[in-house]
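Contents: one structure, followed by commentary.
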Amino acid sequence: MAREASTIKTKYRLNKGDGAWAYAFIAVALVVYAMFTAYPVVSAFIISFQDYKPLGSSYVGLDNYVSVFQSSLFWKSMGNTVLYTVLTVPVALMLSFGVAILIMPLKKWMQTSFKAIYYLPAVASGVALSVVWLWIFDPLQSGILNQLVGVFGISNQNWLGASATSMFSLVLMSWLSSHGTSIIIYVAALLGIDSSYYEAADIDGASFLQKMWHIVLPCLKPTTLFLLVTGVIGSFQVFQNAYLMTGGGPDHSTTMVGLLIFDTAFKYFEFGNAAAQSLVLALVIAVMAFIQFKFLGKDVEY
Amino acid sequence: MKKRSRFAATALALVVSAGVVSACGSNNDGGNAAAGNTGSEGAGAKKDTITALLPPVSANFQANFNQMEAEFTKQYPNLTLKIEPASWEDMTQKLDTQVNAGSPPDIAFMGSEGISKYVPLGMVMDIKDAATPEMIADFDEGPLKYMYNGDGLYGFPAYMEVHAIGGNKPFLEEAGIDWKKVQQNGWTFDEFREAIKKGVVKEGNTTKRYGFVFATAGVTSKDYLGILVKNAGMPAAFDKDLKYAYTSKNYLTLLTNIRQMIDDGSMPKELSSIDAGKRWNMFLTGQTMITGKGMAVFENSSRLNNEKIDKNDGSAVKDSIKTDYVVLPVPSFAGQPAVANSIVDGYVTFRGKKEPTAEHKANVAKAAYFLASGQVAATTNGELFSAPITKSSRKAAEGMESKQSPENKAAVEHLLSTAAPARPDIPAELGAKAIKLETEVIVPKLQALLAGETTPEKMYEDVKKAAIDTFGADGVVQD
């Protein structure tokens, strides 16, 4: 009897309070997550053990994973992706941090204007940006970048068509665009540092660099870690630049894992193999994120 | 929270959730299943809808969709043709996504060589039994064969055209090239090599005009080698015994010749980055004497730009000069006979996850035939400067004015007479393996060869090794 009464009471509370409404609202996000994230991941996991065909797939065990690990092209594309990440993410962080530091002393409206300007490329279509970059990297003498290097007496370069320069071209493109989000986050973090730290440092006679080293960098560590982890994840998933600018060439020198997965799925219709590749990539990203948190996030408080 | 607000918010949350679920759950069989269902109910001439995914095949093709749909329904009152337009860039990706989701359109416009890609999936629809003898008899035999794979007929051809090269008449004459003779008799690689050397114009160390520029980047990455290889004794990727042909010694000769043209300075050393738009721009701005690939319709593009220059129209290509496009054959390599690279594009028929009924199949065949014949085909062929390939479209084209030069028309007809025959005997599985080999090995290695990062010998060995890995030592030509 007592238990029955307690159950009725709990039910009553659930209906009476805001709990039920909260669940209803959470349901929206949960349904969206289930449909567009959880379901595709589970599907990819299942497909990775299949020879996928629209009219009926067959189970192939670990064949797709064996094929991925035995593929020299997969490892080459993984190497390209790591190289691209190493060359782009740290530079992106430094550039964003530098711009944020330069923006900080400005008046509020100036800060806002610069933040908007730096954020503009994020709003522009990636395809449109790529078209502009293709124009910049025009291989003939009339190309913009070739005219620039021509000033220094260097002959025209086949920027996207030669292995020696194709990866650098993609990296340069990354260096010079889309730091807006990081800059805004860094500026917000800089504004969050209590001014009493700077006042105390001023009293102690600290120089600009000492303040940077002893106050700014430690205080921005959580922000930097966040940007590093998200930057590495984004860089490992890079697809658009390679797809639109080089198509992975020449001789697979710019084939990233994301592009390889796309080709495997949509050029060869090997969806099982592509699913296996994408799950291996997800695992690599997870390991990378874990390592970053393990070694860089020890003394970070959120 | 007030009761009314709670109710409104909950209702909103439920509507959003239900919307997401229903958006994902419904319509995943697309128009095909809907049409199939309609057709599966049996009983008489029932209503049916046929869906088609069509790119801008010719200049005014997409502008005529409403008229085409109306005329089809006028001809078949119980049928509705629903056309979805797509850009050339989106076409393949859109179709591939729909195919792999199991809900493709009933008809899609594409190259006949793409059929082999979809056959292993079982998603293309054989209309051999659904097409009437009158429909079949209307088509020229040669182009129709391209729509076969094995015994199956997977749609109807829209046109057959030649992918060759094209020259600018004043530059050809300036270089002393008898282009009329070349149009009729062709040329060997050695003759071609000397001709394009004469076409180069330099100012100091700067090349102002190249002898020959062929687009090799982006979507055209497969074209260059694909077109040239047919003239080097390998009209298809497999020989008559179904052995992979690109391991032949002639292939090495061809690769050597490709590199020689760049080393001579007749082609730009940056060739691997020249895409279709760039090389056409180079042709119109006088930066090359000969361009590739060349299609008959380029004569029209050249003429339209000339008209704009005459009218001082600002939309003329920047820095362009007046050009006179001349259709030229691709040279022959390694002493082999010239074989023109014929392209047959057409209306390929697809099926959904559900087995289509015989009635729906017949309706799809009617729609594909409607698009590939008669007035629709005559208009499209006229805009593309390509010869009609059905009796009905030839009749419909009577009286239509053509602006194609008689010399180019004769040259195209001559090239078509040397076109590589269709190879429906190549099994889809072998075809799919050859496509993968081409995409994963040949095109990337060719890019490296053009960029001077590998040698013809090294590329040949790489291709040979990959081919033996794929088809086995007995599955490739060893000469």
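The values are calculated or read from the model by the stated rules, or taken from the named source; none is laboratory data. The structure displayed is predicted, hence computed values, not measured ones. Backbone-built Cβ (ideal geometry, glycine too); neighbour counts: all protein chains shown.
Can you run down the residue pairs with Cβ atoms below 6 Å, 6 or more apart or on separate chains, where the first is in the range B:437-459 and touching a residue at least 24 places away in the same chain (Cβ under 8 Å) and facing another protein chain (nearest Cβ under 7 Å) and the partner is among the polar types (S, T, N, Q) and assigned to a helix (DSSP H, G or I)?
The qualifying pairs are B:Q447/B:S272; B:A451/B:S272.
Could you please tell me which pairs satisfy a Cβ distance under 9 Å, a separation of 6+ or placement on different chains, a first residue in the range B:287-302 that is under 14 Å from B:A411 (Cα atoms), and a second residue that is of a type in the set (D, E, K, R)?
B:M295/B:E161; B:A296/B:E161; B:A296/B:K409; B:V297/B:E161; B:V297/B:E383; B:E299/B:D324; B:E299/B:K403
Are any of the residues in the range B:131-142 within 19 Å of the chain's Cα centre (by Cα) and crowded, with 20+ Cβ neighbours inside 10 Å?
no
Quick one: what pairs do we get from the range B:123-139, first residue under 14 Å from B:K391 (Cβ atoms), second part of a loop (DSSP other than H, G, I, E, B), C-beta under 6 Å, 6+ apart or different chains?
Here the result reads B:D138/B:S373, each pair linking the range B:123-139 to a residue that is part of a loop (DSSP other than H, G, I, E, B).
Would you check if B:G265 is modelled with pLDDT under 95 and either within 14 Å of another protein chain (Cβ to nearest Cβ) or surrounded by fewer than 20 Cβ atoms within 10 Å (Cβ to Cβ) (or both)?
No, not satisfied.
Looking at B:A432, B:A419, B:A428, B:A396 in this structure, which one is more than 16 Å from B:G294 (Cα to Cα) and touching a Ser or Thr at 6+ places or on another chain (Cβ under 6 Å)?
Result of the check over B:A432, B:A419, B:A428, B:A396: B:A428.
Applying the selection to the range B:357-374, what residues are in contact (Cβ under 8 Å) with a residue 24 or more places away in the chain and either under 22 Å from the mean Cα position of the chain (by Cα) or under 24 Å from B:A419 (Cβ atoms) (or both)?
Those that are in contact (Cβ under 8 Å) with a residue 24 or more places away in the chain and either under 22 Å from the mean Cα position of the chain (by Cα) or under 24 Å from B:A419 (Cβ atoms) (or both): B:A365, B:A367, B:A368, B:Y369, B:F370, B:L371, B:A372, B:S373.
Would you check which residues across the range A:174-205 are within 16 Å of A:I117 (Cα to Cα) and either more than 22 Å from the chain's Cα centre (by Cα) or polar (S, T, N, Q) (or both) and list them?
A:S177, A:S178, A:T181, A:S182
Please list, ordered by residue number, the helices (runs of 4 or more DSSP H) wholly in the range A:203-276 having 1 or more residues that are surrounded by 19 or more Cβ atoms within 10 Å (Cβ to Cβ) and at pLDDT below 95.
A:221-236, A:257-266
Report the residue count in the range A:163-181 for those that are touching a Ser or Thr at 6+ places or on another chain (Cβ under 8 Å), away from chain B (no Cβ under 13 Å) and either of a type outside the set (A, V, I, L, M, F, W, C) or not in a helix (DSSP H, G or I) (or both).
Residues meeting the conditions: 2.
Could you give every pair whose Cβ atoms fall below 6 Å, whose first residue belongs to the range A:244-265 and is facing chain B (nearest Cβ under 10 Å) and among the small types (G, A, S), and whose second residue is in a loop (DSSP other than H, G, I, E, B) and buried (at least 22 other Cβ atoms within 10 Å of the Cβ), counting only separations of at least 6 or pairs across chains?
A:G248/A:T254; A:G248/A:T255
Check B:Y251, B:Y246 and return the single one that is in a loop (DSSP other than H, G, I, E, B), at pLDDT 95 or above and farther than 24 Å from B:A175 by Cα.
Every option except B:Y246 fails the conditions.
Which one of the conditions (1) within 14 Å of chain A (Cβ to nearest Cβ); (2) touching a helix residue (DSSP H, G or I) at 6+ places or on another chain (Cβ under 8 Å) does B:K94 fail to meet, given that it meets all the rest?
In the conditions (1) within 14 Å of chain A (Cβ to nearest Cβ); (2) touching a helix residue (DSSP H, G or I) at 6+ places or on another chain (Cβ under 8 Å), B:K94 misses (2) alone.
Being acidic (D, E) and over 22 Å from the mean Cα position of the chain (by Cα) is the filter here, so list the residues in the range B:185-235 that pass it.
B:D190, B:E191, B:E194, B:E203
If only one of B:A473, B:A422, B:A467 is away from chain A (no Cβ under 12 Å), within 27 Å of A:T254 (Cβ to Cβ) and either of a type in the set (G, A, S) or touching a helix residue (DSSP H, G or I) at 6+ places or on another chain (Cβ under 9 Å) (or both), which one is it?
B:A467
Okay, residues lined up against (1) of a type in the set (G, A, S); (2) surrounded by fewer than 22 Cβ atoms within 10 Å (Cβ to Cβ); (3) in contact with a strand residue (DSSP E or B) (Cβ under 6 Å, 6 or more places away or on another chain):
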site: B:L328; (1), (2), (3): no, no, yes
site: B:Q336; (1), (2), (3): no, yes, no
site: B:E359; (1), (2), (3): no, yes, no
site: B:T380; (1), (2), (3): no, no, no
site: B:F385; (1), (2), (3): no, no, no
site: B:S392; (1), (2), (3): yes, yes, no
site: B:S402; (1), (2), (3): yes, yes, no
site: B:N408; (1), (2), (3): no, yes, yes
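Evaluate the range B:261-279: report whether one residue or more is over 24 Å from B:F192 (Cα atoms), among the charged types (D, E, K, R) and either in contact with a helix residue (DSSP H, G or I) (Cβ under 8 Å, 6 or more places away or on another chain) or without any contact (Cβ under 8 Å) to a residue 40 or more places away in the chain (or both).
No, the range B:261-279 has no match at all.
I need the full set of residues from the range B:216-233 which are under 19 Å from B:S332 (Cα atoms) and touching a residue at least 60 places away in the same chain (Cβ under 8 Å), in order please.
B:K222, B:D223, B:Y224, B:L225, B:G226, B:I227, B:L228, B:K230, B:N231, B:A232, B:G233
Report, by residue number, each residue of the range B:129-151 that is closer than 18 Å to B:R423 by Cβ and in contact with a Leu (Cβ under 7 Å, 6 or more places away or on another chain).
The one that is closer than 18 Å to B:R423 by Cβ and in contact with a Leu (Cβ under 7 Å, 6 or more places away or on another chain): B:M147.
For A:L160, work out the one condition from (1) in contact (Cβ under 8 Å) with a residue 60 or more places away in the chain; (2) over 15 Å from the mean Cα position of the chain (by Cα); (3) in a helix (DSSP H, G or I) it doesn't fulfil.
Every listed condition holds for A:L160 apart from (3).
Could you list, in sequence order, the residues of the range A:91-112 that are touching a residue at least 40 places away in the same chain (Cβ under 8 Å) and part of a helix (DSSP H, G or I)?
Selection gives A:V91, A:A92, A:L93, A:L95, A:S96, A:F97, A:V99, A:A100, A:I101, A:I103, A:Q111.
Counting just the residues of the range A:51-66 that are among the polar types (S, T, N, Q) and at pLDDT below 95, which one comes out farthest from B:K354 (Cα to Cα)?
Out of the qualifying residues, it is A:S58.
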